[in-house]
Each structure stands twice: as C-alpha cells, then as structure tokens.
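Participant: My questions will all concern the structure given below.
The values are calculated or read from the model by the stated rules, or taken from the named source; none is laboratory data. Quick caveat, the model's predicted, so the values are computed rather than measured. Cβ placement follows ideal geometry from the backbone for every residue including glycine, while neighbour counts extend to all protein chains displayed.
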Amino acid sequence: MIQLARYVIGLTWIYHGLFPKLLQIAPLEQAMTGSLGFSEDITYQLIKSAGVGEVFFGLVFILLYRSKVVQLLNLAGLAGLLVFAAVMTPHFLLEAFNPVTTNIPLMVLGYFLLQQTGSGHAKNV
C-alpha cells in the first residue's frame with residue numbers, strides 16, 4: 001500500500017504539471033491563473049513554471065517519499081492549491097472534475113503515507 005500511495009501521489013503531480021500546463025494549457029488552468037490579474041504573457045509564464053515545478057516535485061516525491069519534509073510539502077502544496085482555487089475561482093469547485101475531487105483524496109493518501117512511513121512499521125509493500 002505504501003508503494004501504491006507513493007506512485008499515485010508522485011504521478012499525479014507529474015500528470016498535473018505535464019498535461020494541463022506544459023504540453024497544452026487547459027482552459028481551467030488559464031482561467032484560474034488568469035484570475036490573478038497579470039498580463040497574458042506573465043500568466044503563460046506562470047502556468048509553464050508551475051508545470052515544471054509540479055513535474056519536478058512529482059519526481060522528488062517518488063524518489064524521496066520517505067522524507068517527512070517532502071511529505072509535509074506535499075500536504076501543504078495540495079492544501080494551498082485547494083485554497084487558491086477556492087478563493088480565486090470558487091465557481092470551479094462546482095465542476096465535475098475540480099480541485100476538491102483531486103486534492104482532498106490525495107491529501108488523505110498523503111496523510112496515510114506520512115503515518116505509515118513515520119511509524120517505523122513501514123514495509124515496502
């Protein structure tokens with residue numbers, strides 16, 4: 001279960017950095033980042049930078065998933081992104097696929113992983 005949590009969380013970060021940000025900017029990403037009020041060029045750069053950061057963090061998470069710091073950064077990042085979406089674009093929380101349906105389950109999985117790897121009872125199962 002620990003390995004499953006490790007890869008689900010890490011690959012989700014990679015996916016969310018790669019597909020809706022780096023390969024093609026999704027309309028939802030454009031709208032949420034655009035709500036910050038920057039020019040189109042700066043918004044584009046912010047989205048691309050966020051994509052790089054998410055891919056990088058996903059790789060770091062997969063490699064260093066036993067690090068309490070990495071796990072806490074994961075939880076803080078997911079919570080922060082959820083709050084950002086709720087404050088800046090609350091209407092997106094009502095969409096079928098939204099930050100609530102992604103971030104909260106990943107936070108629960110991250111909390112489980114933190115408990116399992118921090119307890120000294122963790123097994124590479």
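Participant: Can you tell me which residue in the stretch 43-93 is surrounded by the fewest Cβ atoms within 10 Å (Cβ to Cβ), limited to those that are assigned to a helix (DSSP H, G or I) and of a type in the set (Phe, Trp, Tyr)? Walk me through how you get there before you give the answer.
Facilitator: We begin by selecting, within the stretch 43-93, every residue assigned to a helix (DSSP H, G or I); these are 43-63, 68-88, 90-93.
Okay, now just the ones that are also of a type in the set (Phe, Trp, Tyr), so 44, 56-57, 61, 84, 92.
Working: Tyr44: 15, Phe56: 13, Phe57: 20, Phe61: 25, Phe84: 15, Phe92: 17.
Among those residues, the one meeting the criterion is Phe56.
Participant: So, of the residues in the stretch 3-57 that are over 18 Å from the mean Cα position of the chain (by Cα) and of a type in the set (A, V, I, L, M), which turns out to be nearest to Thr102 (Cα to Cα)?
Facilitator: That would be Leu36.
Participant: While we're on this one: Under 7 Å between Cβ atoms, at least 6 apart or on separate chains: pull out the pairs that start in the stretch 38-50 with a residue that is within 16 Å of Leu81 (Cβ to Cβ) and end on any residue that is of a type in the set (Val, Ile, Thr).
Facilitator: Leu46/Thr33; Ile47/Ile25; Ile47/Thr33
Participant: On to the next question. For Ala31, indicate whether it is part of a helix (DSSP H, G or I), at pLDDT 95 or above and either surrounded by 15 or more Cβ atoms within 10 Å (Cβ to Cβ) or among the small types (Gly, Ala, Ser) (or both). Don't jump to the end; show me each part of the working.
Facilitator: Details: part of a helix (DSSP H, G or I): yes; at pLDDT 95 or above: no; either surrounded by 15 or more Cβ atoms within 10 Å (Cβ to Cβ) or among the small types (Gly, Ala, Ser) (or both): yes.
No.
Participant: Go through the stretch 94-106 residue by residue and tally those that are more than 15 Å from Ser35 (Cβ to Cβ) and part of a helix (DSSP H, G or I).
Facilitator: 8
Participant: Taking the stated definitions as given, is Ala85 in contact (Cβ under 8 Å) with a residue 24 or more places away in the chain, more than 14 Å from Leu106 (Cβ to Cβ) and within 13 Å of the chain's Cα centre (by Cα)?
Facilitator: no
Participant: Moving to a separate point now. Would you check which residues across the stretch 115-125 are modelled with pLDDT under 95 and either in contact with a Leu (Cβ under 8 Å, 6 or more places away or on another chain) or loosely packed, with under 13 Cβ neighbours inside 10 Å (or both) and list them?
Facilitator: Gly118, Ser119, Gly120, His121, Lys123, Asn124, Val125
Participant: Would you be able to say whether some residue in the stretch 65-77 is in contact with a helix residue (DSSP H, G or I) (Cβ under 7 Å, 6 or more places away or on another chain), farther than 13 Å from Leu106 by Cβ and of a type in the set (S, T, N, Q)?
Facilitator: no
Participant: Is it true that Phe112 is at pLDDT 95 or above, aromatic (Phe, Trp, Tyr), in a helix (DSSP H, G or I) and surrounded by fewer than 16 Cβ atoms within 10 Å (Cβ to Cβ)?
Facilitator: On the way: at pLDDT 95 or above: yes; aromatic (Phe, Trp, Tyr): yes; in a helix (DSSP H, G or I): yes; surrounded by fewer than 16 Cβ atoms within 10 Å (Cβ to Cβ): yes.
Against the criterion (at pLDDT 95 or above, aromatic (Phe, Trp, Tyr), in a helix (DSSP H, G or I) and surrounded by fewer than 16 Cβ atoms within 10 Å (Cβ to Cβ)), Phe112 qualifies.
Participant: With Pro99, Pro105 as the choices, which residue is within 13 Å of the chain's Cα centre (by Cα), surrounded by 12 or more Cβ atoms within 10 Å (Cβ to Cβ) and modelled with pLDDT under 95?
Facilitator: Exactly one of Pro99, Pro105 is within 13 Å of the chain's Cα centre (by Cα), surrounded by 12 or more Cβ atoms within 10 Å (Cβ to Cβ) and modelled with pLDDT under 95, namely Pro99.
Participant: Separate question: What number of residues within the stretch 108-121 are free of Cβ contacts under 8 Å to residues at least 60 places away in the same chain and more than 15 Å from the chain's Cα centre (by Cα)? Steps first, answer last, please.
Facilitator: Filtering the stretch 108-121 down to residues free of Cβ contacts under 8 Å to residues at least 60 places away in the same chain leaves 108, 111, 114-115, 118-121.
Retained after the next criterion (residues that are more than 15 Å from the chain's Cα centre (by Cα)): 114-115, 118-121.
The total comes to 6.
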